[in-house]
Amino acid sequence: MKIYACDSTAKTASVTLCEDEILLAQYTQNNGNTHSETLLPMTETMLRAMNTDTDEIDIFACSAGPGSFTGVRIGAATVKGLAFGKGKVCIGVSTLDALARNLLDDIDKIICPVMDARRGQLYTATFRSHSGKLERITPDRAISYPEFEQDVIALGEKVWLCGDGYSLVKRLLPEGTSHDTPEMLRYQSAYSVARSALDEYRNGIRTTDADLRPVYLRLSQAERERLASEGKTTEN
């Protein structure tokens with residue numbers, strides 16, 4: 001079963017082609033938030049190199065959020081466009097779930113993906129890697145740095161961090177509360193998105209391009225400004 005997956009939820013843009021769990025190709029750039037200009041050309045280059053077209057793909061997947069509002073929308077729109085009218089399965093996965101899979105192996109450990117949500121907050125969730133499987137401990141959340149630090153200390157064991165908030169959080173956490181994650185495992189990987197999507201598919205998820213929706217954990221700046229102009233308030 002061929003899977004196309006992409007991630008454009010942060011600075012890193014990544015696309016991949018897999019045959020079930022087998023990685024066939026991956027193209028990743030970490031050069032800024034220009035995903036509207038790069039994601040489709042990256043996809044076309046990868047598929048052409050693999051002598052594959054979109055009609056041969058069985059599952060289209062993307063990171064559906066949280067993340068950059070624009071980046072999340074670009075990823076979802078790309079998948080919806082590639083799959084449009086094909087009647088194929090389209091699966092949006094949690095960006096944080098996919099990030100955690102960068103560190104998934106047979107070693108029992110706690111994984112905390114962290115993304116810079118700006119305004120003093122992080123997008124984060126907590127997972128446990130156990131016997132090659134990923135167990136979710138908390139839901140995806142937007143929380144403050146102090147709240148995250150308290151959560152990590154309460155866990156009572158060193159955690160593994162990944163995501164674009166890695167360097168920031170690593171500096172803020174008390175010494176001895178987190179491991180040093182290798183550079184190549186810290187950032188968005190479309191292959192991890194594909195693995196998340198395959199698990200969803202095997203668990204019975206059968207959404208289509210029409211069903212695929214971005215997932216936001218808080219309001220965008222434009223929405224906050226609109227509410228403010230209307231005299232309304234929001235906690236986020």
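The values are calculated or read from the model by the stated rules, or taken from the named source; none is laboratory data. All figures in this text were calculated on a predicted structure; none of them were measured in a lab. Note: ideal-geometry Cβ built from the backbone for every residue, glycine included; neighbour counts use all protein chains shown. The area values use the complete protein model at the heavy-atom level, side chains included, leaving out ligands, DNA and RNA. Shrake-Rupley method; radii C 1.70, N 1.55, O 1.52, S 1.80 Å.
Would you call ASP7 within 20 Å of ASP209 (Cα to Cα), surrounded by fewer than 14 Cβ atoms within 10 Å (Cβ to Cβ) and not polar (S, T, N, Q)? Break it down into steps so the answer makes sense when it comes.
Numbers: within 20 Å of ASP209 (Cα to Cα): yes; surrounded by fewer than 14 Cβ atoms within 10 Å (Cβ to Cβ): no; not polar (S, T, N, Q): yes.
Against the criterion (within 20 Å of ASP209 (Cα to Cα), surrounded by fewer than 14 Cβ atoms within 10 Å (Cβ to Cβ) and not polar (S, T, N, Q)), ASP7 does not qualify.
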Next on the checklist: Every residue in the stretch 158-178 that is of a type outside the set (Gly, Ala, Ser) and in contact (Cβ under 8 Å) with a residue 60 or more places away in the chain, please.
Outcome noted: CYS162, ASP164
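Every residue, every condition in (1) under 22 Å from VAL89 (Cβ atoms); (2) touching a strand residue (DSSP E or B) at 6+ places or on another chain (Cβ under 8 Å); (3) open to solvent by 10 Å² or more (accessible area, probe 1.4 Å); (4) part of a loop (DSSP other than H, G, I, E, B), yes or no:
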residue: ILE3; (1), (2), (3), (4): yes, yes, no, no
residue: THR28; (1), (2), (3), (4): no, yes, yes, no
residue: GLY32; (1), (2), (3), (4): no, no, yes, yes
residue: GLU37; (1), (2), (3), (4): no, no, yes, no
residue: THR43; (1), (2), (3), (4): yes, yes, no, no
Item to check | Residue in the stretch 142-164 that is in a loop (DSSP other than H, G, I, E, B), in contact with a helix residue (DSSP H, G or I) (Cβ under 6 Å, 6 or more places away or on another chain) and on the phi < 0 side of the Ramachandran plot present | outcome: no
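Mind checking which residues of the stretch 182-212 are part of a helix (DSSP H, G or I), of a type in the set (A, V, I, L, M, F, W, C) and either over 13 Å from THR28 (Cα atoms) or open to solvent by less than 30 Å² (accessible area, probe 1.4 Å) (or both)? First the steps, then the outcome.
Our first condition is that a residue be part of a helix (DSSP H, G or I); within the stretch 182-212, this holds for 183-185, 190-202.
If we keep only those that are of a type in the set (A, V, I, L, M, F, W, C) as well, we get 184-185, 190, 193-194, 197-198.
Once the filter is applied, which keeps residues that are part of a helix (DSSP H, G or I), of a type in the set (A, V, I, L, M, F, W, C) and either over 13 Å from THR28 (Cα atoms) or open to solvent by less than 30 Å² (accessible area, probe 1.4 Å) (or both), the stretch 182-212 yields ALA190, VAL193, ALA194, ALA197, LEU198.
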Item to check | Of all residues making up the stretch 68-86, the number that are open to solvent by 10 Å² or more (accessible area, probe 1.4 Å) and more than 14 Å from SER14 (Cα to Cα) | outcome: 11
Checklist entry - Here is a list of conditions, (1) touching a residue at least 60 places away in the same chain (Cβ under 8 Å); (2) in a strand (DSSP E or B), and GLU135 meets all of them except one; can you say which number that is? => result (1)
